[in-house]
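Contents: one structure, followed by commentary.
Since every read-out is calculated from the coordinates, none of them should be taken as a lab result. The structure presented is a predicted model; accordingly, all values stated were derived computationally and were not measured. Here the Cβ is made from the backbone with ideal geometry for all residues, glycine too, and neighbour counts use every protein chain on show.
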Amino acid sequence: NGVCVVAVDGPSGSGKSTVSRRLAAALEARYLDTGAMYRAVTWAVLEAGVDPHDRIEVARVAESVRLEIGIDPDRPFVRVNGVPVDGPIRGPEVTRAVSAVSAVPDVRALMVAQQRALILSAGRIVVEGRDIGTVVVPDADLKVYLTASVDERARRRSLEHATDQSATAADLTRRDKLDSSRAADPLRRADDAVELDTTRLGIDEVVTRLREMLGVAA
Ligand code: C5P
């Protein structure tokens, strides 16, 4: 079938990325990781020596960089002015600064415009982030809000990044608080989103449930 947009929102470590990529592959759809876009702008901000809390300079960097993002679920990539940044955008420096950068309204306006253009050109796509169901695609065909306990989210992240679990829990809690309390497009569940708690659900179970909701048998 034709156009179909699945919006997947939730806090970090809720399983968004893994679930979204797997679902996109199963649906033979495209996959857009909007967090990677905010991380790429943050990388450019740090690279330019700009203070992530300086909103004017941060907006200037966001306006001047050229972002390229790959939407094939089998090989996602991000480039800033032609430079691949897939490794560095997952590092601790970018992770520490990304919530400040993504709280800047001008940055969000630029990202949302690029995201909508990509989504329109894709036809069928799974999009993950914080504001997809609420702001980017309010008329998505399916909206999913993934959650999990802080302990479980910290456990997953520290396994992924080989970091200390309690430090990771502290960082997750800090980032979630910033992302949910900012004035511009905060993280929240859309009223019509399906909420799934993944604390005790495996990836396969989550993907299967979503396919059932979309009416695509597993
Ligand atoms: O999903 P990920 O953890 O990579 O996102 C990194 C950060 O980017 C989030 O903590 C949030 O500050 C920001 N973000 C956002 N809106 C989105 C996606 C990510 O503000 N749609």
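Observations on the structure shown:
- Where a residue in the range 50-61 is farther than 17 Å from Arg39 by Cβ and its partner, wherever it lies, is assigned to a loop (DSSP other than H, G, I, E, B) and of a type in the set (D, E, K, R), with Cβ under 9 Å and at least six apart: Glu57/Asp51
- Qualifying residue in the range 64-71 (condition: surrounded by fewer than 22 Cβ atoms within 10 Å (Cβ to Cβ), over 16 Å from the mean Cα position of the chain (by Cα), in contact (Cβ under 8 Å) with a residue 12 or more places away in the chain and away from the ligand (no atom under 12 Å from the Cβ)): yes
- Pairs where the first residue, in the range 72-86, is of a type in the set (Gly, Ala, Ser) and the second is part of a strand (DSSP E or B), C-beta under 8 Å, 6+ apart: Gly82/Glu68
- Out of Ala113, Ala100, one residue alone is in contact with a His (Cβ under 7 Å, 6 or more places away or on another chain) and assigned to a helix (DSSP H, G or I). It is Ala100.
- Total residues in the range 160-208, condition farther than 21 Å from Val98 by Cα, touching a strand residue (DSSP E or B) at 6+ places or on another chain (Cβ under 7 Å) and surrounded by 16 or more Cβ atoms within 10 Å (Cβ to Cβ): 5
- The range 35-58, subset among the aliphatic types (A, V, I, L, M) and touching a Leu at 6+ places or on another chain (Cβ under 8 Å), residue nearest to Arg130 (Cα to Cα): Met37
- Taking the conditions (1) away from the ligand (no atom under 14 Å from the Cβ); (2) in contact with a helix residue (DSSP H, G or I) (Cβ under 7 Å, 6 or more places away or on another chain); (3) among the small types (Gly, Ala, Ser) in turn, Gly215 satisfies each one other than (2).
- The residue of the range 101-118 that is farthest from the ligand (Cβ to nearest atom), among those that are buried (at least 19 other Cβ atoms within 10 Å of the Cβ) and of a type in the set (Gly, Ala, Ser), is Ala103.
- Put simply, of Asp141, Asp171, Asp151 the only residue that is farther than 24 Å from Ile69 by Cβ and more than 16 Å from the ligand (Cβ to nearest atom) is Asp151.
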